[in-house]
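Novice: My questions all concern the structure below.
Read the figures in this text as sums done on the coordinates, not as results from a lab. Being a predicted model, the structure only gives us computed values, none of them experimental. All Cβ positions, glycine included, derive from the backbone under ideal geometry; neighbour counts span all protein chains shown.
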Amino acid sequence: MHKTRNIHESSVLPKRAQKRILRCMRQSRLFTKARREAPADEVSKNAQLLVRAGYVHKEMAGVYSYLPLGLRVLSKIENIIREAMDAIGGQEVRMATLHPSEKWKTTGGWDAVDVLFKLQSRTKKEYALGQSEEEIVTPIAQEYSTSYKDLPVAIYQIGQKYRDELRAKSGIMRGREFGMKDMYSFHETQEDFERFYEIVKQAYLEAYATCGLVAKVTEASGGAFSEKLSYEFMVLTDAGEDDIVYCEHCTHCANIEVAKDKEGEACPKCGEGSLKAARASEVGNVFDLGQKYPKAFGFMYKDAEGNEQYPIVGCYGFGTSRLMGVIVEKLADEKGLVWPGSVAPFTYHLVSLSAGRQGSGHNNDDIAKAADALYDALAKKGVEVLYDDRDLRAGEKFAESDLLGIPFRIVVGKDAVANDAFEVVERATGMMTKKSRAEILGI
């Protein structure tokens, strides 16, 4: 027997890499501004808060632009799942978004997928906007994976998806244009796919935990993607669109649409716990695609005996922009957003209580200088900090700071100048401590 090539390198998420991103910024230079009131046309918590705080801009139902703060959050979520996929042997690509209709007609998806956006060029040629990538990734893998020695292989991308949703709702959690990480793996055997699925599952659970959430692996139908049982990753939230039953004693969880057991019944897995019902939001999924797409494209490889075989294909989705919305729904409070440190746009919000620099008195000038000096020192240390240097009242600054949801607020006031005592407030708990300048810079 030949030895299967192992695309799994590590099931443990590495420390989050330092990204090429502007680490420090003066709020006076940020072109977006917070709103006092939520937009009248938004009903979901995530959309109301993200628009109010200037993280996103609504273009139409189900379509949002990500502004500087929102893009920072989304980029960090993307980087967390990118590192997770790299760690288990995934190879990142950037696949086409504009798809030739012929590929969708080859698989039958052109007429079968009702959410597919279809376009016609001036030359009357037909195209589709990518709502998934099976039709693109399969021919790519076919060109380079011609032997069992080339398998298994896992290919992923992070990018935009387009689906003609009839009812785009729930803000960035259900849209017509949205961000996703989708990976496709190709295997010699069903057993090897199932081996790799377990590795991906663990990587997903760790990635969600890194983003501040607990996800449940949930049994579900394959829907339009597969006739086989699939798995969804669900986060409990009243803003979700799925009904699930789960066991608090073990890991059993199932979507109501496919569950044989009902709330209150004994858990079919452990037999010790009873099932509870809950609302949840899907933030990821795994499909066993079998040999459907290789057969459609005539994708065969030569096995160890020289015989031609169709590979087994797995599909792994991770909703990047939806996850951002779920974090808001799950963690925000009555004051505004509350970001986990791993995905927050900045780690610290430096707030100067100086009313301004021009003609506002000696104390205010000293406060402004102290705040400027601390900002420069933090910047030199590479700390991610947003500096509120604007000419606004303290109450306005604090209210907006709570709305933005940055994990820690450092307040520079008279006490900082007179006694080297800076207030540091944790956004999630409201806990306040006094720290010296040296202690802050030792962060």
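Novice: Which pairs, out of Lys149/Lys181; Lys105/Lys125; Lys169/Lys276, put more than 18 Å between their alpha-carbon atoms?
Specialist: Going by Cα-Cα distance, Lys149/Lys181; Lys169/Lys276 fall outside the 18 Å limit.
Novice: Let me ask something additional. Any chance you could give the angle, 0 to 90 degrees and rounded to 10, that helix 320-331 forms with the longest Cα principal axis of the chain?
Specialist: 50 degrees
Novice: Under the Karplus relation 6.51 cos²θ - 1.76 cosθ + 1.60, θ = phi - 60°, what is the ordered set of whole-Hz ³J(HN,Hα) values for the stretch 133-142, x standing for Gly and Pro?
Specialist: 10, 4, 6, 9, 6, 5, x, 5, 4, 4
Novice: So what is the relative contact order of the chain, in percent, for Cα pairs below 8 Å that sit 6 or more residues apart?
Specialist: Contact order relative to length: 16 percent.
Novice: Rg and Dmax of the stretch 348-441, Cα atoms, in Å?
Specialist: Cα radius of gyration and Dmax of the stretch 348-441 are 12.3, 37 Å respectively.
Novice: Separate question: To the nearest 0.05, how large is the calculated FRET efficiency for Ala112 and Ala379 if R₀ is 56 Å and r is the Cβ-Cβ distance?
Specialist: Calculated value: 0.55.
Novice: Can you return the aspartates and glutamates within cross-link range of Lys302? Criterion is Cα-Cα under 15 Å, with same-chain partners fewer than 8 residues away left out.
Specialist: Within reach: Glu143, Asp150, Glu188.
Novice: Provide the per-residue ³J(HN,Hα) series for the stretch 307-318, in order, calculated from phi with Karplus coefficients 6.51, -1.76, 1.60 and θ = phi - 60°, each as a whole number of Hz, with x at glycine and proline positions.
Specialist: 8, 8, 9, 8, x, 8, 10, x, 10, 9, x, 9
Novice: Further, regarding this structure: Output needed: Cys residues of the chain lacking any neighbouring Cys C-beta below 4.7 Å, sorted by number.
Specialist: Those would be Cys24, Cys211, Cys253, Cys315, since no other cysteine Cβ in the chain comes under 4.7 Å of theirs.
Novice: Which percent, nearest 5, of DSSP beta bridges in the chain are antiparallel?
Specialist: Restricted to the chain, the bridges split so that about 80 percent are antiparallel.
Novice: State the answer as a single residue: which of Gly271, Phe422, Gly317 lies farthest towards the positive end of the charge dipole of the chain, with beta carbon charges of +1 for Lys and Arg and -1 for Asp and Glu, about the Cα centre.
Specialist: Phe422
Novice: While we're on this one: Expressed as an acute angle from 0 to 90° and rounded to the nearest 10, what is the orientation of the C-alpha long axis of helix 362-380 relative to the principal long axis of the chain?
Specialist: The answer is roughly 30 degrees.
Novice: If you don't mind, there's one more thing I want to ask. Just to be sure I understand: if I project the alpha-carbon convex hull of the stretch 24-331 onto a plane and average over all orientations, what area do I get in nm²?
Specialist: Quarter of the Cα hull surface area: 19.1 nm².
Novice: Using only Cα atoms and rounding to the nearest 10 degrees, what angle (0 to 90) does helix 190-210 make with the longest principal axis of the chain?
Specialist: So the helix axis and the longest Cα principal axis differ by about 10 degrees.
Novice: Comparing Thr429, Thr189, Thr237, which has the greatest mean-square fluctuation in the GNM of the chain with Cα pairs linked when under 10 Å apart?
Specialist: Among Thr429, Thr189, Thr237, the largest GNM mean-square fluctuation belongs to Thr429.
Novice: Now a separate question. Take the cross-link list Lys380/Lys434; Lys262/Lys292; Lys161/Lys295; Lys33/Lys118; Lys58/Lys369 and give me the ones stretching past 31 Å between alpha-carbons.
Specialist: Numbers: Lys380/Lys434 22 Å; Lys262/Lys292 33 Å; Lys161/Lys295 25 Å; Lys33/Lys118 37 Å; Lys58/Lys369 38 Å.
Pairs exceeding 31 Å: Lys262/Lys292; Lys33/Lys118; Lys58/Lys369.
Novice: I want to verify a result. In a Gaussian network model of the chain, Cα cutoff 10 Å, which of these has the top mean-square fluctuation: Val385, Val73, Val113?
Specialist: Highest fluctuation of the listed residues: Val113.
Novice: Cys250 label point, 7 Å along Cα→Cβ, cut-off 18 Å on backbone N: hits in the stretch 261-289?
Specialist: Counting only backbone N, you get 261-277.
Novice: Here's something else I'd like to know. Using the Karplus curve 6.51 cos²θ - 1.76 cosθ + 1.60 with θ = phi - 60°, work out ³J(HN,Hα) for each residue of the stretch 235-240 in order, rounded to whole Hz, and write x for Gly and Pro.
Specialist: Karplus-based 3J(HN,Hα) across the stretch 235-240 equals 10, 5, 6, 5, 7, x Hz.
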